[in-house]
Every structure is written in C-alpha cells, then in structure tokens.
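First up is the structure itself, then whatever we jot down about it.
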Amino acid sequence: MDNNEFDIPKKLKSLSQNLVWMSESDYPFDIFTWSNQESKELNTHNLLQKTNHSLESPVKVVEIDNFFQRATDEKDWYDDDERETAKKYQTLLETLKQNLDNIQVYKIGEVEIDVYIVGQLKSGDWVGLSTKAVET
C-alpha cells in the first residue's frame, strides 16, 4: 500500500465510528484490511473462507447504493439528529466509492446476517467494513 492507501482504513474507521447499522438490532462497524497476496480476486468462496464461514453458508450480493439507500435517504419528517446521521452515511458511502474499486456488499447467513462491504485499493489490497444485521 502506498502512503495514501494507509489512510483509507483510518478514514473509514473515523467516518463509521459513531454509526450503527440499523436493523432489528443495531450493530457497529468494524474495519478490516486483507492483503492481495492472500486473495488476488474476491469471490463468494474466498470471502467465506476469509471470514471463517461454512462454504455452505447462504450469501447474497447487494449493490452498495442499494445497501446504503435507506441509511442515506433523508426523509421530510427527519429531525436534526436523523438528518445528521443520513449525512454521515452519505459521506461514508462517497468515501468508499471514491477510494475503492470493485466494491460489493456481501450478506452472509439468514436472520442474523454478517455484512461485509468490501472494495479494492489501487495496490490490490482489500479493505472494508463489516457489521451485522438481524432480518426476520
């Protein structure tokens, strides 16, 4: 990674620090970095291995804009705090899209879902955010 790329995980950590992914339970975000030496390409099989999930785990791949849509859309009835949270999500989404290539959102499991938002740096390393969602 070049020097600017070292800043991207730190920037993602800073931007996501006070955010929680809202589902039937709220979960914080964690940041991760995977060397491209371990995985030149990321696919469902590699992701399941890397995250210690069973290779039979159900995986759903979601476009990043679709995943973040309900968090980034500002509703007319939002109060100031809700508008501020939507703006934080908008900034996080833009930062991901500006700094990472090949971004995908992987949802692993059913009901209690592990979520991995993964993209690739210019160096080839993989960086992203992980969280959980509860969907019944």
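Can you tell me which of G119, G109 is among the small types (G, A, S) and in contact (Cβ under 8 Å) with a residue 40 or more places away in the chain?
Result: G109 is the single residue among G119, G109 that is among the small types (G, A, S) and in contact (Cβ under 8 Å) with a residue 40 or more places away in the chain.
Within the range 75-117, restricting attention to residues that are in contact with a Pro (Cβ under 8 Å, 6 or more places away or on another chain) and of a type outside the set (G, A, S), which residue is surrounded by the most Cβ atoms within 10 Å (Cβ to Cβ)?
I108
Would you be able to tell me the number of residues in the range 23-69 that are of a type in the set (A, V, I, L, M), part of a strand (DSSP E or B) and surrounded by 14 or more Cβ atoms within 10 Å (Cβ to Cβ)?
Taking the range 23-69 first, the residues of a type in the set (A, V, I, L, M) are 31, 42, 47-48, 55, 59, 61-62, 64.
Now drop any that are not part of a strand (DSSP E or B), which leaves 31, 59, 61-62.
If we keep only those that are surrounded by 14 or more Cβ atoms within 10 Å (Cβ to Cβ) too, we end up with 31, 59, 62.
The total comes to 3.
Can you tell me how many residues within the range 108-136 are among the β-branched types (V, I, T) and not in a strand (DSSP E or B)?
Matching residues across the range 108-136 total 2.
Which ones in the range 70-107 are assigned to a strand (DSSP E or B) and closer than 15 Å to M22 by Cα? Explain how you work it out, then say what you get.
Step one: list which residues in the range 70-107 are assigned to a strand (DSSP E or B), which gives 101-107.
Across the range 70-107, the qualifying residue is only K107.
Given the conditions (1) modelled with pLDDT of 95 or more; (2) surrounded by fewer than 16 Cβ atoms within 10 Å (Cβ to Cβ); (3) not hydrophobic (A, V, I, L, M, F, W, C), report the number of the one that T72 does not fulfil.
Result: T72 fails condition (2) only.
Could you list, in sequence order, the residues of the range 36-73 that are under 23 Å from E135 (Cβ atoms) and acidic (D, E)?
Listed by number, the residues that qualify are E56, E63, D65, D73.
Which of (1) among the hydroxyl-bearing types (S, T, Y); (2) touching a helix residue (DSSP H, G or I) at 6+ places or on another chain (Cβ under 6 Å); (3) within 21 Å of Y27 (Cα to Cα) does S123 not meet, given it meets every other one?
Condition (3) is where S123 drops out.
The values are calculated or read from the model by the stated rules, or taken from the named source; none is laboratory data. All figures in this text were calculated on a predicted structure; none of them were measured in a lab. Cβ: placed from backbone, ideal geometry, glycine included. Neighbour counts: every protein chain shown.
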